[in-house]
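A quick write-up on the structure given underneath.
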Amino acid sequence: MTHAVAIVPAYNRADTVGATVAALRTVPDVLDVIVVDDGSADHTAAVAAAAGARVIEFARNRGKGAAVAAGVAASGAPEAYLLIDADVGSRAALAGELLEPVAQGQADMAIAVLGPPSRPSGFGFVKAFAAHIVRAQTGLTLAEPLSGQRAVRGSLLRSVELAGRFGLEIGLTLDVAARGATIIEVEVAFSHMPSGRDVRGISHRARIGRDVYRAAASRIGAPRAAFHLLASLGSRAQVQGRRLRSLRLPWLRNAASRLPLARWRRRASRLGAGLPQRLRSLRRTRRRRPSDES
């Protein structure tokens with residue numbers, strides 16, 4: 001049996017943290033669940049404690065990286081850690097599938113590849129940026145480089161300095177790979193609530209992108225991080241452009257062909273084709289017409 005501690009960073013997640021904690025407590029190897037309330041304005045801490053978690057409360061929001069670091073510092077020295085987001089809910093009971101390869105020594109860190117999102121999420125620019133950095137720096141091609149659901153060997157996680165805020169995951173991946181550790185991805189049917197495509201969702205992803213850049217720049221240098229950012233933005237823009245052309249333009253062409261404007265354009269084209277001949281004919285007619293002064 002592996003002694004594992006689950007760390008759950010939580011910010012204003014009173015709606016889901018209780019179910020997440022209750023589910024984690026059913027995982028056989030998880031002997032302790034630590035919820036770090038990152039300055040929430042709701043009842044996250046009370047709900048987590050009622051569900052059976054050990055709770056650490058921040059007086060103000062300090063970000064995901066600081067929350068996980070506080071959980072690690074308070075955990076003792078377990079053989080493994082589970083990092084689980086507070087919005088996973090009852091599906092957190094599947095965390096044993098993520099922990100298994102670490103517990104059996106097959107990997108030093110296992111990253112969860114989640115199921116499809118419950119609603120349309122972002123456009124993939126930040127994830128493409130993170131994937132580009134990881135691939136260039138480590139040779140790994142990760143489907144979910146920013147997944148917050150991870151199992152990590154205990155001594156390994158305690159040996160690295162965690163990046164701040166949403167830079168936690170990219171920083172952890174780069175640091176673990178730099179130590180020569182084995183990283184794998186595991187498909188687990190977790191579910192979560194991604195941010196949408198409204199102003200709030202776009203703002204949230206912009207903050208994630210900022211933190212990913214900062215974490216990467218502190219590890220590989222700002223010029224190289226900027227290069228990866230520009231390269232990933234260019235490649236992602238091409239992908240989105242091809243998708244738009246394949247999905248929308250045929251529909252637009254068909255719709256445009258049914259508009260009166262299309263018929264007017266065709267008529268104008270026919271009129272324009274014969275316009276030079278008409279002008280030449282008009283000029284010859286005017287030259288043959290008698291002068292007004294005669």
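Some values worked out for this structure:
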| quantity | calculated |
| --- | --- |
| Any hit, region 19-29, residues being surrounded by fewer than 23 Cβ atoms within 10 Å (Cβ to Cβ), in contact with a helix residue (DSSP H, G or I) (Cβ under 6 Å, 6 or more places away or on another chain) and part of a strand (DSSP E or B) | no |
| Subset tally (residues that are within 21 Å of His3 (Cβ to Cβ), touching a residue at least 40 places away in the same chain (Cβ under 8 Å), touching an Asp or Glu at 6+ places or on another chain (Cβ under 8 Å) and not in a strand (DSSP E or B)) for region 156-187 | 4 |
| Residue list for region 210-232, filter: among the small types (Gly, Ala, Ser) and buried (at least 19 other Cβ atoms within 10 Å of the Cβ) | Ala215, Ala216, Ala225, Ser232 |
| Conditions (1) crowded, with 19+ Cβ neighbours inside 10 Å; (2) over 12 Å from the mean Cα position of the chain (by Cα); (3) assigned to a helix (DSSP H, G or I); number of the one not met by Ser203 | (1) |
| So Arg135, is it over 24 Å from Asp15 (Cβ atoms) and over 12 Å from the mean Cα position of the chain (by Cα) | yes |
| Filtered residues of region 188-216 (kept if acidic (Asp, Glu) and modelled with pLDDT of 90 or more) | Asp211 |
| Test result for Arg25, among the basic types (Lys, Arg) and either under 21 Å from the mean Cα position of the chain (by Cα) or more than 24 Å from Glu100 (Cβ to Cβ) (or both) | no |
| Hits in region 35-74 (condition: of a type in the set (Lys, Arg) and either outside any loop (DSSP other than H, G, I, E, B) or surrounded by fewer than 16 Cβ atoms within 10 Å (Cβ to Cβ) (or both)) | Arg54, Arg60, Lys64 |
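The values are calculated or read from the model by the stated rules, or taken from the named source; none is laboratory data. Just so it is clear, the model here is predicted, and its values are computed rather than measured. Because the Cβ atoms are built from the backbone with ideal geometry, glycine has one as well, and the counts that use them run over all protein chains shown.
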